[in-house]
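The values are calculated or read from the model by the stated rules, or taken from the named source; none is laboratory data. Because the structure is predicted, anything quoted here is derived from the model rather than measured. Note: ideal-geometry Cβ built from the backbone for every residue, glycine included; neighbour counts use all protein chains shown. Ligands, DNA and RNA are stripped out before the accessible areas are found, and what is left, the full protein with its side chains, is counted by its heavy atoms. Shrake-Rupley method; radii C 1.70, N 1.55, O 1.52, S 1.80 Å.
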Amino acid sequence: MLRDTWLVFVRVMLPVLRNPVAVVFGLAQPLLYLGLFGPLLGDTGWQWFVPGLLVQMALFGTAYAGFSLLPEVRTGVMERLRVTPVSRVALLVGRVGKDVVLLVVQSLLIVLAAMLFGFRASAGEVLLGLGLVALLGVAIGSASYAVALKVKLEYVFASVLSATIVPVMLLSGVLLPMSNGPQWLYWLSRLNPLAHVVDAERSIFNSGSAVLGLVAASALVLAGVCYGVRTFHRESA
Amino acid sequence: MIKARGLARRFATKAGPVDAVRGVDIDVAEGELVGFLGPNGAGKSTTLRMLTTLLRPTAGEAVIAGHDLLSDPAGVRRNIGYVGQRTGAGQDQRVRDELEFQARFYGLGKHDARRRAADLLDRFDLAGLEERGVITLSGGQQRRLDIAMGMLHDPRLLFLDEPSTALDPQSRRHLWEHIKQLRAGGTTVFLTTHYLDEADFLSDRLLVIDHGSIVGEGSPDELKNRVSGDLVVLGTPQASLVSEKFENAVVEGEQVSFRVPNGDRTLPGLLRDLGDLGVELHSVQVHRPTLDDVFLTMTGRSLREEARAA
Ligand SMILES: Nc1ncnc2c1ncn2[C@@H]1O[C@H](COP(=O)(O)OP(=O)(O)OP(=O)(O)O)[C@@H](O)[C@H]1O
Ligand SMILES: [Mg+2]
């Protein structure tokens, strides 16, 4: 299964490596936030803002992953792959692996860029912080592929995405602290697992405890991967 | 090689259930080349997708290449090859990569995968295209790539869903020769087609499916013989005189058409006899039975009427 996953991973990675424009453009959005939004938070804001930005990248970077699957389902590519003995789990995990590797590379570049602005982080913190971002990417990426397989049509998938990503992002406190708002909004954000991941990411870069967020992220990974694998296993996908 | 019993598939759609395949029994012996004929929407692809583990049957069971379809789909997959009706190569991939990865998905090592890919590129006239992106290939080139991808691992049992669509006559001939070679090498082949000439040239045996049920079975010759003979169309001013000589003759103006067995061989004698009767002829045509004719005799409906109704 490891071999299968590796093969699926390399197969989807090759076109990206050959044509890395998409990866470069993927950096534009976080760079804009870094340059045009970050300074609004003042000199001390970087330690607070950059971790949130990384979580936001994980969210936006992998939630759209499912789009790449739809043309392959519509033509016979998925069918051709599903008829080989390749493990069904590998078909999913190999793809998610590609998205997560790209996400981690992009996140690392953003962390380095942020350091030019005044963000401070030790190597260990970066490692742990990117690890958490990767976990989140696995969870969201898996779910994205599964949802794409279920809805099958691009325009439906697009509206499902915008209906879920925006509330999840607003209630996670990536842009502004949730504690700034009224009580009910704060408590609502506590129900959002992503809010705990954001808190954990901030703790990591400010020498705090990240346990709750790691638990939340691991739970998301479990849920996302299980959902994804189940959907990939189902026939007629 | 294939033994299916009561295989059925019902799709739930918003407009109500669709019974795509209604309980078919299929038996294919090792080394046989079986053609699966039927009009659009008859259930050919759905049957193939069930036999290849891609689609769960709603009823029935099957043993494919010695493995139970429902309890051991992985075993089935290891022993079969499948070329789907829709194109199977990723649009953002390169030709060589798709072939090599496909071989490796079937467990071949890097070296063997490369060798097999090169071999099939050669055999399907794709040499020189290996560095090209799939998206730049012509329709027929893509189709040949699809077919090559289904054969990389030398499966004992090969399913082909309309392999010759989009191929020019020469490539089609090539493909036919290739399929014949595979059969000669002991591979069992199960293929769908709309073309009687293809089914005729390739198949040891034909299965005809319509509305999800098998409506006929036999060798191409048996099936054609059921379409009692070739259609002869004569242009003559004495059409009604000629029509009296033949059973079921149809007169249309100065044209009379009727069926005779082995038209190509009976025609010379037949024309002599008509000449002796003093019949004057402007034109002579002989039509071999077509899929349409076979279909007509089997279902009482013409393929073309089907197409119009759909
Ligand atoms: N996923 C699906 N959902 C609903 N109906 C389906 C689905 N797939 C196929 N059908 C229906 O099942 C019937 C058989 O389809 P199938 O694709 O097996 O036909 P076919 O014989 O391969 O036709 P063609 O020659 O056009 O390829 C058709 O009426 C089709 O509309
Ligand atoms: Mg079909």
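How large, in Å, is the stretch B:230-288 by the Kirkwood hydrodynamic radius built from its alpha-carbon pairs? For the stretch B:230-288, inverting the mean 1/r across all distinct Cα pairs yields 11.2 Å. Legend: translational diffusion of the stretch B:1-78 by Stokes-Einstein, Rh = Kirkwood radius over C-alpha pairs, 10 °C, 1.306 mPa s; D = 123 µm²/s. Amide H contacts under 5 Å for B:Gly23: B:Ala8, B:Arg9, restricted to partners 5 or more places along the chain or on a different chain, H placed in the peptide plane at 1.01 Å from N. When only alpha carbons are used to place a centre, the stretch A:1-48 and the stretch A:59-90 end up 21 Å from one another.
Measuring spread by the Cα atoms of chain A yields a radius of gyration and Dmax of 18.1, 56 Å.
Counting heavy atoms of the protein chains alone, B:His111 has an accessible area of about 150 Å² for a 1.4 Å probe.
GNM on chain A, alpha-carbon springs under 10 angstrom: the most fluctuating residue among A:Ala223, A:Ala146, A:Ala163 is A:Ala163. Annotation for A:Ala28 and B:His287: the two label points, set 7 Å from Cα along the Cα-Cβ direction, are 6.0 nm apart.
Inter-label distance, A:Ala158 to B:Phe11: 2.5 nm, where each label sits 7 Å from its Cα along the C-beta direction. Per residue, the convex hull spanned by the alpha carbons of the protein assembly as shown comes to 188 Å³. Working value for chain B: equivalent-ellipsoid semi-axes of 42, 24, 17 Å, each the square root of 5 times a Cα gyration tensor eigenvalue, largest first. What does the accessible area of A:Asp199 come to, in Å² to the nearest 10, when a probe of 1.4 Å is used? Accessible area of A:Asp199: about 60 Å². For the stretch A:1-15, a decrease in accessible area of 40 Å² or greater in the assembled protein chains relative to the isolated chain, with a 1.4 Å probe, applies to A:Arg3, A:Leu7, A:Arg11, A:Pro15. Taking both sides together, the accessible area buried where A meets B is about 2600 Å² for a 1.4 Å probe. In a fully extended conformation the segment linking B:Ala74 and B:Asn225 would gain 50.2 nm over its present Cα-Cα distance, using 0.36 nm per residue.
Each DSSP beta bridge with both residues in the protein assembly as shown is either parallel or antiparallel, and the antiparallel ones are about 65%.
Note on the stretch A:180-237: with neighbouring protein chains present and a 1.4 Å probe, carbon and sulfur make up 68 percent of its accessible heavy-atom surface. Panel note: contact residues of the stretch B:66-84 (accessible area lowered by at least 10 Å² against the chain on its own; 1.4 Å probe) correspond to B:Arg77, B:Arg78, B:Tyr82.
How large is the accessible surface per residue of the protein assembly as shown, computed with a 1.4 Å probe and reported in Å² as a whole number?
Per residue, the protein assembly as shown has 45 Å² of solvent-accessible surface.
Here the Karplus curve 6.51 cos²θ - 1.76 cosθ + 1.60, taken at θ = phi - 60°, turns the phi angles of the stretch A:151-160 into couplings of 7, 6, 10, 4, 5, 5, 4, 4, 6, 4 Hz, with x standing for Gly and Pro. Sequence-distant contacts, meaning Cα pairs under 8 Å at least 6 residues apart, place the relative contact order of chain B at 19 percent. Scanning residues 5 or more positions from B:Gly216 or on other chains, those with amide H under 5 Å from its amide H are B:Val208, with H placed 1.01 Å from N in the peptide plane.
Of the residues B:Thr290, B:Thr53, B:Thr236, the one that moves most in a GNM of chain B with alpha-carbon contacts below 10 Å is B:Thr236. A straight chain from A:Arg234 to A:Ser218 at 0.36 nm per residue would run longer than the Cα-Cα distance by 3.3 nm. Zone of B:Lys110 (label point 7 Å along Cα→Cβ, backbone N under 13 Å): which residues in the stretch A:1-39? Residues A:7 qualify, since their backbone N sits under 13 Å from the label point.
Across the stretch B:186-203, rounded Karplus estimates of 3J(HN,Hα) from the backbone phi angles (6.51 cos²θ - 1.76 cosθ + 1.60, θ = phi - 60°) give x, 6, 8, 10, 10, 10, 9, 7, 9, 9, 5, 4, 5, 4, 5, 5, 8, 7 Hz, Gly and Pro being marked x.
Overall, the accessible surface of chain B at a probe of 1.4 angstrom is composed of carbon and sulfur to the extent of 48 percent. For q = 0.10, 0.13 Å⁻¹, what log10 I(q)/I(0) does the stretch B:155-265 give under the Debye formula with an equal point scatterer on each alpha carbon and no solvent? Ignoring solvent entirely, the Cα scatterers give -0.46, -0.68.
Considering all C-alpha pairs of the stretch A:1-130, those separated by over 19 Å amount to 56%.
The angle between the Cα long axis of helix B:110-123 and the longest principal axis of the Cα atoms of chain B comes to about 20 degrees, rounded to the nearest 10. Rounded to the nearest 10 square angstrom, B:Ile179 shows an accessible area of 0 square angstrom against a 1.4 Å probe.
Sequentially through the stretch B:126-142, phi angles give Karplus couplings (6.51, -1.76, 1.60; θ = phi - 60°) of 10, 4, x, 9, 4, 8, 6, x, 4, 5, 8, 6, 6, x, x, 5, 4 Hz, Gly and Pro residues having no value and appearing as x. Measuring nothing but alpha carbons in the stretch A:159-207 and taking Rh as the Kirkwood radius, the Rg to Rh ratio lands at 1.01. Amide H to amide H distances under 5 Å link B:Phe36 with B:Leu191, B:Thr192, B:Thr193, B:Leu207, where only residues 5 or more positions off or on other chains count and H is placed in the peptide plane. To the nearest ten degrees, helix A:2-18 and the longest principal axis of the Cα atoms of chain A are 70 degrees apart.
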